[in-house]
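Trainee: The structure under discussion is supplied below as structure tokens; questions concerning it will follow.
The values are calculated or read from the model by the stated rules, or taken from the named source; none is laboratory data. A quick note: this is a predicted structure, and the numbers were derived from the prediction, not measured. Cβ atoms come from the backbone with ideal geometry, glycine included; neighbour counts cover every protein chain shown.
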Amino acid sequence: MTEDREISYTHMDVLQEVSNIGLGNAATSLAELLKKRIDISVPRATFLEMEELFPLVGDLEDPVACVNLSFDGDIAGVIMFIFTENSAYRLIDMLLEQAVGTTEGLDAMGESVIIEIGNVLSGSFMNAISDMTGLTMRATVPLFAFDMMGAILSASLVASGHWDGQVLLIETIFMQSKEQIKGHFLLLPETGAIDRLFSVLGIPAEG
């Protein structure tokens, strides 16, 4: 039992480091893009069963904004970046330098902002994995959806094909001045993808 806990702890250490590096690079990219500083922190990175996500992200019928993209290469899967409806509106206001509460619905500009954020963060995360492991990851064009969380997760599971049954959850906090906005970064790996990633890093698969 002790050995299993030690292995699991090592896995979480690696995931936290990848998350911090990837999203730290994303903050730099966003600063260059927006010409202003946006801090990003990662309170937690962990594997969860799908049903364990709902208390953290929201109910199945809650409307959410989601950026979704697939990736293949040496490892494959689906990446999702999910914001609650209110968080999406606040993030748009933050990035467009508008007063909080200005955005009350998603128009073309708002969708473009969310897609760009998801694209930058996903790209930075994949680059961090590639830099640490040498594994190749090629992403598709990001897609945007605004729908009930249950519908979005179901569609993503179908699109991902065979997967490991667990989801990598990276809680993400965007900060500017006193404003903080939470998002949820999800990685749905295809079967064997995570074991291969840890194998390349010299970490045994969990038994």
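Trainee: Conditions: (1) of a type outside the set (S, T, Y); (2) touching a helix residue (DSSP H, G or I) at 6+ places or on another chain (Cβ under 6 Å); (3) part of a helix (DSSP H, G or I); (4) surrounded by fewer than 22 Cβ atoms within 10 Å (Cβ to Cβ). L121 meets all but one. Number of the miss?
Mentor: Only one criterion in (1) of a type outside the set (S, T, Y); (2) touching a helix residue (DSSP H, G or I) at 6+ places or on another chain (Cβ under 6 Å); (3) part of a helix (DSSP H, G or I); (4) surrounded by fewer than 22 Cβ atoms within 10 Å (Cβ to Cβ) is unmet by L121, namely (4).
Trainee: Looking at this structure, is E49 loosely packed, with under 12 Cβ neighbours inside 10 Å, modelled with pLDDT of 75 or more and touching a strand residue (DSSP E or B) at 6+ places or on another chain (Cβ under 9 Å)?
Mentor: Yes.
Trainee: Considering only residues that are part of a loop (DSSP other than H, G, I, E, B) and among the hydrophobic types (A, V, I, L, M, F, W, C), which ones fall in the stretch 60-70?
Mentor: L60
Trainee: Here's something else I'd like to know. Does L33 satisfy the criteria of being among the hydrophobic types (A, V, I, L, M, F, W, C), surrounded by fewer than 17 Cβ atoms within 10 Å (Cβ to Cβ) and under 18 Å from T172 (Cβ atoms)?
Mentor: For L33, the condition - among the hydrophobic types (A, V, I, L, M, F, W, C), surrounded by fewer than 17 Cβ atoms within 10 Å (Cβ to Cβ) and under 18 Å from T172 (Cβ atoms) - is met.
Trainee: A further question follows. Please enumerate the residues belonging to the stretch 71-118 that are assigned to a helix (DSSP H, G or I), surrounded by 16 or more Cβ atoms within 10 Å (Cβ to Cβ) and of a type in the set (A, V, I, L, M).
Mentor: Those that are assigned to a helix (DSSP H, G or I), surrounded by 16 or more Cβ atoms within 10 Å (Cβ to Cβ) and of a type in the set (A, V, I, L, M): A88, L91, I92, M94, L95, V113, I114, I115, I117.
Trainee: Same structure, new question: Could you check, for the stretch 178-201, whether at least one of its residues is over 18 Å from I92 (Cβ atoms), surrounded by fewer than 21 Cβ atoms within 10 Å (Cβ to Cβ), of a type in the set (D, E) and modelled with pLDDT of 85 or more?
Mentor: The answer is no; no qualifying residue exists.
Trainee: Is one or more of the residues making up the stretch 69-77 farther than 30 Å from T133 by Cβ, touching a helix residue (DSSP H, G or I) at 6+ places or on another chain (Cβ under 9 Å) and charged (D, E, K, R)?
Mentor: No; the residues of the stretch 69-77 include none that is farther than 30 Å from T133 by Cβ, touching a helix residue (DSSP H, G or I) at 6+ places or on another chain (Cβ under 9 Å) and charged (D, E, K, R).
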